[in-house]
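What follows is a single structure, written as structure tokens, with notes after it.
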Amino acid sequence: MKTLALGLVLSVWLAFGNASAAWAHAVQTDYFVDLFAAELALEFTASFSTGEPMAEAAVLVYTPDDQETPWEESQTDAAGHYTFKPDPEQAGDWRIEFKQGGHADIRIVPVDDLGIDYQNISHGGNQDVHFGDRFREAVALFSAASIGAFAIVFQRKLFRS
């Protein structure tokens, strides 16, 4: 019984105790509105949940009429800043994607005949792909399962003999 308990404790420790910080690593995109600015613009700041800016992240902007072909391809600066200046002639929902290293965040920015509808800017989803970062967790989980299975088999052999 002690072997089984030890195997289970070791399995849980390997599976969760060694988990990397990447599990809590996500993207956050904030925006700032200068209501007194002379031109129609929206300032975005993209960062990771750790507070690190998404420096030089790819920015793809899609018009309301064409969500397949980027209207603008740009990137954030070293601080994760990007200024969006829509074409005021193209009313509708603009899609802005911020991408870097398997992470992506999407904002939907409505533009009407009065300009940017700041009250209805919405989150269009995000993406976090870490195939390489999950290798350590996969090995830990496999190890934990193997040790747990060994402990069960060993415990059964002790009771049979």
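The values are calculated or read from the model by the stated rules, or taken from the named source; none is laboratory data. Given the structure is predicted, the values throughout are model-derived calculations rather than measurements. Cβ: placed from backbone, ideal geometry, glycine included. Neighbour counts: every protein chain shown.
Some observations on this one:
- Test: residue in the stretch 31-39 that is touching an Asp or Glu at 6+ places or on another chain (Cβ under 9 Å) and under 13 Å from F98 (Cβ atoms): yes
- The residues on offer are A138, A144, and the sole one that is outside the structural domain of F36 (by TED's automatic domain parsing), part of a helix (DSSP H, G or I), loosely packed, with under 15 Cβ neighbours inside 10 Å and at pLDDT below 95 is A138.
- Near pairs, Cβ below 9 angstrom, 6+ apart or cross-chain, from the stretch 58-74 (outside the structural domain of E43 (by TED's automatic domain parsing)) to any residue that is small (G, A, S) and surrounded by 15 or more Cβ atoms within 10 Å (Cβ to Cβ): none
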